[in-house]
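Have a look at the structure below, then the notes.
Nothing in this text is a laboratory measurement; each read-out follows from the coordinates by a stated rule. Everything numeric here is computed off the predicted structure, so don't read it as measured data. A quick note on method: Cβ atoms are made from the backbone with ideal geometry, for glycine too, and the neighbour counts reach across all protein chains shown.
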Amino acid sequence: MADATPVFQIQRMYLKDLSLEQPNSPQILLEQQQPAVEINLAMAAEVVADGIFEVTVTATVTTKVADKTLFLVEAKQAGIFEIRNIPEDQMQGILSIVCPQMVYPYLRAIVSDVCTRAGFPPILLNEVNFQAMFEARMQAEAAQANGGSPIITSAN
């Protein structure tokens, strides 16, 4: 009989992808206007091998002055996790909440560091409530499966 002890271990944290673009430099660096900042986050999880999962969190930061891009940073931070003997109904929560919460601080540091090294003030990504994001996604999927519209609730 195989050992059924639950296992959750971080195998590795790593920067999977990083991109910095300053398409309108150096002219745009002379602008005196305050730039507009847009931040988008994405998460993904995939099976690498039996009981081994890669979880990625991607941040795309776009700053613009008027209609011109000042700079764009895209960073994808990843973690490899060994997860075994966990009940199936708990796996989605672990992959969507626990793992991203462990990966995200590394992503925040990378984005801030890249902005500073590029000669700009650091962009500090806000804390993210992965639990609330997961619950909202589950609610939307349930509503869609039932043919209705999702019920939006506020989570603080």
- Residue among Ser19, Ser96, Ser112 with the largest mean-square fluctuation in a Gaussian network model of the chain, springs linking Cα atoms under 10 Å: Ser19
- Message: Cut-off 12 Å, label point 7 angstrom out along Cα-to-Cβ of Leu72: give me the residues of the stretch 1-44 whose amide nitrogen falls inside.
- Response: 19-24
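Just from its helices, what would the mean residue ellipticity at 222 nm be for the chain, if runs of 4 or more DSSP H residues each count -39500 (n - 2.57) and the sum is divided by every residue, rounded to the nearest 500 deg cm²/dmol?
-8500 deg cm²/dmol, from helical runs alone.
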- Measure nothing but the geometry: give the 0 to 90° angle between the long axis through the Cα atoms of 130-145 and the longest principal axis through the Cα atoms of the chain, rounded to 10°. 70
- In degrees, nearest 10, range 0 to 90: what is the angle between the Cα axis of helix 99-117 and the longest Cα principal axis of the chain? 10
- Item | Approximate spin-label separation Ala44-Ala109, in nm, with each point projected 7 Å along Cα-to-Cβ | 2.4
- Query: Roughly what would the spin-label model give for Ile94 and Lys16, points 7 Å off Cα along C-beta, in nm?
  - Reply: 1.9
- Note on the structure: For the pair Ala132 and Leu30, the simple spin-label estimate (label points 7 Å beyond Cα toward Cβ) gives in nm 4.3
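List the GluC sites (Glu not before Pro) within the stretch 51-151 that DSSP assigns to loop and that have no more than 14 neighbouring Cβ atoms inside 10 Å.
Taking the stretch 51-151 and a limit of 14 other Cβ atoms within 10 Å, the loop GluC sites (Glu not before Pro) found are Glu127.
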- Message: Could you identify which residue out of Asp17, Asp67, Asp113 has the top mean-square fluctuation in a GNM of the chain using Cα springs shorter than 10 Å?
- Response: Asp67
- Name the most mobile residue of Pro35, Pro121, Pro26, meaning the one with the largest mean-square fluctuation, in a Gaussian network model of the chain with Cα contacts below 10 Å. Pro26
- Query: Which label marks the calculated value of Rg and Dmax of the Cα atoms in Å, given the options [x] 14.6, 41; [y] 19.1, 69; [z] 22.4, 81?
  - Reply: [y]
- Item | Shape category assigned to the stretch 57-147 from the gyration tensor of Cα positions, a/c cut at 1.5 | oblate
